[in-house]
Amino acid sequence: MQTVKMVVTGALASGKSEFIKTISETDVVSTERKTTDEASLLKKETTVAMDFGRIVADEELVLHLFGTPGQKRFDFMWQLLSEGMLGLVVLVDSTRPDTFRETTRIIEFFTATQNAPYIIACNKQDLPDAWTPEDIRHSLRLAENVRIMPCVALDPNHVRNVLLELLYAILEQTEEG
């Protein structure tokens with residue numbers, strides 16, 4: 001059985017923990033703690049180390065999902081969590097353009113330190129003020145070859161589709177390399 005390590009990252013409150021909780025077949029290992037700083041305006045709890053979930057894709061493949069903290073003060077965990085990853089999901093809160101600059105910083109960090117394929121998942125697409133994936137692509141200045149998908153992290157079908165798309169990208173990179 002092959003295990004594929006995927007990292008789920010994004011700015012504060014982009015939906016990383018919910019994304020993993022929605023799809024994991026096991027209880028999610030979570031390090032959420034009460035929010036004590038300005039982030040408390042957005043959410044009551046925040047991830048301080050990681051979230052971990054597991055999915056058995058088939059008898060040959062298991063996915064391990066590692067969610068990163070979103071606050072800058074915990075970004076030292078990014079390097080630790082990214083070691084050995086085969087793919088990356090970058091969640092973007094489609095309703096909060098004020099987080100797009102932070103999302104760019106996150107993408108730059110991971111692409112500078114890892115040679116793993118990644119996909120941008122535009123979360124909260126079910127909300128009326130959500131930016132479209134193409135508008136987000138333009139705002140983040142992403143190349144046309146960067147995979148970008150609409151997503152609702154609370155919907156198992158959306159999460160599954162994002163992970164499948166990332167698996168395809170991993171397979172393509174493996175075949176090219």
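All of the numbers you see were taken from the coordinates with simple rules; none came from a lab. Computed from a predicted structure; not experimentally measured. Methodologically, a virtual Cβ is constructed for each residue, glycine included, from the backbone with ideal geometry; neighbour enumeration extends over all protein chains shown.
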In nm, the gap between the two label points placed 7 Å beyond Cα toward Cβ at Asp75 and Glu25 is 3.6
Please report the antiparallel percentage of DSSP beta bridges with both residues in region 2-176, rounded to the nearest 5. 35
Just Gly53, Gly84, Gly67 to compare: in a GNM of the chain, with alpha carbon springs under 10 Å, which one fluctuates most? Gly84
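Would you work out the relative contact order for region 2-176, in percent, from Cα pairs under 8 angstrom that are 6 or more residues apart?
24
Would you calculate a helix-derived [θ] at 222 nm for the chain, using -39,500 (n - 2.57) for each DSSP H run of n ≥ 4 and dividing by the full residue count, to the nearest 500?
-10000 deg cm²/dmol
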Counting just the Cα atoms, what span does the chain cover along each of its three principal axes? Round to the nearest Å and put the largest first. 43, 35, 30
